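Here is the structure we will look at.
Each value in this text was obtained by applying a stated rule to the coordinates, not by laboratory testing. Please read these numbers as outputs of a predicted model, since none were measured by experiment. Quick reminder, even Gly has a Cβ in these numbers, built from the backbone with ideal geometry, and neighbours come from all protein chains shown.
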Ligand SMILES: [Zn+2]
């Protein structure tokens with residue numbers, strides 16, 4: 001039976017017939033040596049395999065490509081006959097006794113770590129899905145993992161895997177365990193000299209493991225993690241684990257993102273952050289922690305148990321990523337990390353504006369985009385924004401609408417929290433099975449007393465412009481509308497010949513490299529689209545002047561303004577072209593409370609934003 005639930009107590013004193021040994025003597029070369037020991041009762045064919053994807057990140061990653069130097073022997077070191085059955089599965093003719101499988105894993109994902117591994121001479125971060133083979137048919141057994149590193153040099157091990165005994169001597173390998181293979185896959189490990197701290201909340205332990213380089217104060221973050229854990233626990237009536245680990249990676253130039261697990265999460269961000277960026281990190285942590293409930297436990301029928309050998313399609317990522325994307329900034333406000341003005345600014349700049357600026361919002365329903373996540377969101381190309389919109393962005397706004405609808409229809413008595421509490425109660429009754437769209441609707445309707453079926457069905461099957469923002473925000477005395485262009489910030493007196501730069505809207509995304517300014521994206525129906533500019537065009541001259549950077553481009557365009565066209569000389573694969581581009585004022589939308597809002601509207605707003 002499928003289960004990702006585990007407590008540390010359950011592993012104490014266990015033994016395992018499937019044991020992994022991870023050796024780090026080649027960490028400086030980013031290579032981990034893995035030795036698997038499998039107790040075999042009867043001789044015969046045994047199939048071993050490595051997942052082609054990691055749950056939570058919907059892309060075929062073929063992790064097997066980084067494994068090599070396989071050796072399969074019996075317990076006496078005698079080589080056994082084996083062969084590949086497919087790209088990620090092999091069959092071995094095993095003898096009774098112990099089967100020993102040894103291989104090398106190149107563990108070095110460079111720019112992000114959340115869904116792969118990163119091992120250096122200084123630390124090791126491992127997603128075990130990348131290097132621990134499953135034994136087909138024996139996934140439900142207890143698995144042990146021994147970590148053979150120098151524990152005096154790498155002092156800390158942070159993971160939700162559970163120790164199999166209370167104490168380990170400093171010179172002995174650390175042995176951790178999982179009740180089944182799904183839990184192995186769901187338990188990343190950070191080993192090194194990272195910052196560690198922990199606190200207890202209602203009998204559960206929450207650990208923080210921060211590996212970082214840069215201008216950052218881990219105690220400040222630890223303090224806020226306490227607040228967000230308490231706030232989220234309050235919504236669901238407690239914490240559903242004995243122990244949880246926040247693994248946080250903050251390194252210069254790192255691509256941001258997170259990946260959720262049942263008793264841990266991995267959170268990554270570029271470390272040279274200013275205040276704004278660190279608040280974005282809080283929102284990321286709120287998001288990943290909410291996944292403890294919404295996706296790891298409350299989940300679509302198709303997401304657990306998993307088929308690790310192929311795509312696992314679901315039309316319901318709107319629930320698990322949409323709701324979580326709505327809640328991340330919303331709860332960051334409810335935690336007190338954002339002021340109301342901050343929250344409105346973020347809703348406008350990070351949620352509403354990007355959605356309405358993306359022509360792809362009207363191309364397909366969120367259910368289709370969820371189903372095709374494997375080849376859409378996870379395989380983006382230069383034209384993606386015109387054909388597709390992220391189910392995070394779209395789904396977050398569907399849940400904003402749903403929350404506003406429930407609050408308004410219940411006259412400020414019920415909210416989305418009530419619906420999620422009902423879904424949580426349902427999980428606790430039958431943790432082995434996920435839910436359907438129908439069950440979601442029924443649970444929310446019976447918990448809130450508000451009819452959501454007609455609206456939600458329309459929003460899930462319709463296009464981006466089907467979302468009734470004006471009407472729903474209006475019921476809260478809010479409006480989201482275009483602002484009159486604000487005056488650019490000017491300091492000092494005007495200097496003849498120097499423009500006050502205002503960035504104009506072209507619909508172009510540009511990249512400057514090695515002295516070349518190249519178009520990477522063109523938004524449909526934008527001024528650049530009208531001017532017949534395409535991705536990969538190199539911009540050579542703007543109004544007769546050589547142009548090699550995006551700032552230069554903006555300045556040259558601003559000089560000419562929006563009244564007349566700027567002349568651009570472009571170079572593409574077979575020659576030069578001249579086009580005429582007339583930019584527009586940059587649209588600037590804002591979410592604001594109307595002065596003339598009624599008392600009823602004001603009361604609904606206060607209920608929605610109550611902390
Ligand atoms: Zn998420």
(request) Note down the nm distance, to one decimal, between modelled labels 7 Å out along Cα→Cβ at residue 341 and at residue 70. (result) 6.2
(request) Note the angle between two axes, namely the Cα long axis of helix 550-560 and the longest principal axis of the Cα atoms of the chain, as a number of degrees from 0 to 90, rounded to the nearest 10. (result) 10
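Sort 283, 410 so that the residue with the fewest other Cβ atoms within 10 Å of its own Cβ comes first and the one with the most comes last. List each step's numbers first, then the result.
Working: 283 23, 410 16.
Starting with the residue having the fewest Cβ neighbours, the order is 410, 283.
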(message) Run the Debye formula on the Cα coordinates of segment 382-448, all scatterers equal and no solvent, and tell me log10 I(q)/I(0) at q = 0.13, 0.17, 0.20 1/Å.
(response) -0.48, -0.71, -0.86
(message) I'd like the distance separating the alpha-carbon centroids of segment 105-124 and segment 341-387, in whole Å.
(response) 29
(message) I'd like the distance between the alpha-carbon centres of segment 226-286 and segment 133-192, rounded to an integer number of Å.
(response) 22
(request) Return 186, 242 ranked ascending by Cβ neighbour count within 10 Å, so the fewest neighbours appear first. (result) 242, 186
(message) Compute the helix-to-body angle for 275-290: its Cα long axis versus the longest principal axis of the chain, expressed 0 to 90° and rounded to tens.
(response) 50
(request) Rank the residues 53, 374 as a footprinting-exposure proxy: fewest other Cβ atoms within 10 Å of their Cβ go first. (result) 374, 53
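Within the chain, what percent of beta bridges assigned by DSSP are antiparallel, to the nearest 5? Display every interim value, and only then the final one.
On the way: 92 of 115 bridges.
Here the antiparallel bridges make up roughly 80 percent for the chain.
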(message) For a protection proxy built on the mean count of beta-carbon atoms within 10 angstrom, sort 264-271, 344-351, 23-30 highest first, please.
(response) 264-271, 344-351, 23-30
(message) Please report the equivalent ellipsoid semi-axes of segment 368-496, computed as sqrt(5 x eigenvalue) of the Cα gyration tensor, largest first, in whole Å.
(response) 36, 23, 14
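Please give the calculated 222 nm ellipticity per residue for the chain, where each DSSP H segment of at least 4 residues contributes -39500 (n - 2.57) and the sum is spread over every residue; nearest 500 deg cm²/dmol?
On the way: 17 runs with 162 residues, N = 611.
After summing the helix terms and dividing by residue count, I get -7500 deg cm²/dmol.
Taking 0.36 nm per residue of separation and subtracting the Cα-Cα distance, what length does fully extending residue 166 through residue 62 add?
Values: separation 104, 0.36 × 104 = 37.44 nm, distance 3.65 nm.
The span from residue 166 to residue 62 would gain 33.8 nm if fully extended.
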(request) Jot down the radius of gyration and Dmax of segment 198-467, Cα atoms only, both in angstrom. (result) 18.2, 50
(request) Compute the acute angle (0 to 90°) between the alpha-carbon long axis of helix 416-429 and the principal axis of greatest extent of the alpha-carbon atoms of the chain; round to the nearest 10°. (result) 20
(request) Just grab the label-to-label distance for residue 10 and residue 302, each label 7 Å out from Cα along the Cβ direction, in nm (one decimal). (result) 2.7
(request) Hey, could you grab the Kirkwood Rh for the chain? Inverse mean 1/r over distinct alpha carbon pairs, Å, one decimal. (result) 26.8
(request) Sticking with the crude label model, points 7 Å out along Cα→Cβ, report the distance from residue 584 to residue 383 in nm, one decimal please. (result) 2.2
(request) Taking every pair of alpha-carbon atoms in segment 8-193, give the share separated by more than 31 Å as a whole percent. (result) 12
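If a/c stays under 1.5 just call it rounded; otherwise compare a/b with b/c (prolate if a/b is bigger, oblate if not). Do that for segment 459-594, with a ≥ b ≥ c from the square roots of the Cα gyration tensor eigenvalues.
Numbers: a/c = 2.86, a/b = 1.45, b/c = 1.97.
The shape class here is oblate.
Percent of Cα-Cα pairs more than 17 Å apart in segment 8-66, please. Intermediate values should be presented prior to the final figure.
Numbers: 1120 of 1711 pairs.
When every Cα pair of segment 8-66 is considered, 65 percent fall beyond 17 Å.
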